[in-house]
Amino acid sequence: MNILLVYATNSGGTQLASQIVQEHLMSQNLQVTMKEVRDTQPEELTDADAVILASSTWDYEGLEGQPHPDYRPFMELFKGKKITGKKFAVLGLGDSSYTYFCGAVNHLEQFVKDLEGILAVDSLKIDGFYLDQQTNSEKLASWADNLGKTLVK
Ligand SMILES: Cc1cc2nc3c(=O)[nH]c(=O)nc-3n(C[C@H](O)[C@H](O)[C@H](O)COP(=O)(O)O)c2cc1C
């Protein structure tokens with residue numbers, strides 16, 4: 001099983017969170033390649049057995065609750081395309097003091113739906129990653145363990 005973990009980050013939280021997920025999936029003998037979304041080509045999603053999309057949430061051109069801006073051009077590349085039946089999982093980092101807590105997750109879930117992909121597990125929303133790294137790392141580990149088990153079923 002070849003998993004592609006696509007991420008974007010501003011202050012490093014989503015990268016660290018993605019590394020925790022990668023580590024836990026790899027401990028289940030799954031192959032996980034991490035790539036920044038700005039370096040990812042559409043064919044790489046097509047080729048992977050499963051794809052994890054990870055993003056923090058930001059304002060974009062006056063709109064609140066958006067995925068990291070690097071996701072914009074990436075999502076544009078898929079306009080009108082389908083990867084029917086492809087397995088996906090979505091991971092979001094945010095801060096619940098904002099109106100649209102982890103708004104990026106909703107956008108990425110819609111992206112998966114538009115591609116006719118399948119969400120393998122419920123998406124994970126991490127609140128204030130750096131404020132309680134211990135608890136959040138445990139949440140990420142448990143999500144990754146469950147994802148790994150679901151993917152190999
Ligand atoms: C200008 C700004 C806007 C933000 N907007 C939101 C938001 O709408 N919803 C949310 O959940 N978090 C929001 N956040 C919080 C970040 O998503 C959060 O700090 C995240 O952990 C950053 O991840 P990163 O380290 O990967 O960049 C915002 C943060 C900043 C500085």
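Looking at segment 1-105, the GluC sites (Glu not before Pro) that sit in a DSSP loop and have at most 12 other Cβ atoms within 10 Å of their own Cβ are E61. Short to long, the 5 Å bins of the Cα pair-distance histogram for the chain hold 2, 10, 21, 24, 22, 14, 6, 1, 0 percent of all pairs.
Computed over the chain, the per-residue total of -39500 (n - 2.57) for DSSP H runs of n ≥ 4 gives a 222 nm mean residue ellipticity of -11500 deg cm²/dmol, rounded to 500. GNM on the chain, alpha-carbon springs under 10 angstrom: the most fluctuating residue among G80, G92, G13 is G80. For the chain, a simple Cβ point-charge model (Lys and Arg +1, Asp and Glu -1, everything else neutral) yields a dipole of about 460 debye relative to the Cα centre.
Pairs of Lys residues in the chain are counted when their Cα atoms are under 15 angstrom apart and they lie 8 or more places apart or on different chains; the count is 9. Under the classification rounded if a/c is under 1.5, otherwise prolate if a/b is larger than b/c and oblate if not, where does segment 87-153 fall, given a ≥ b ≥ c as square roots of the Cα gyration tensor eigenvalues? Oblate shape, in that a/c is at least 1.5 and b/c is the bigger or equal ratio.
Bear in mind that the values in this text are calculations on the coordinates, not laboratory data. What you are looking at is a predicted structure, and each value in this text was computed from that prediction instead of being measured. Because the Cβ atoms are built from the backbone with ideal geometry, glycine has one as well, and the counts that use them run over all protein chains shown.
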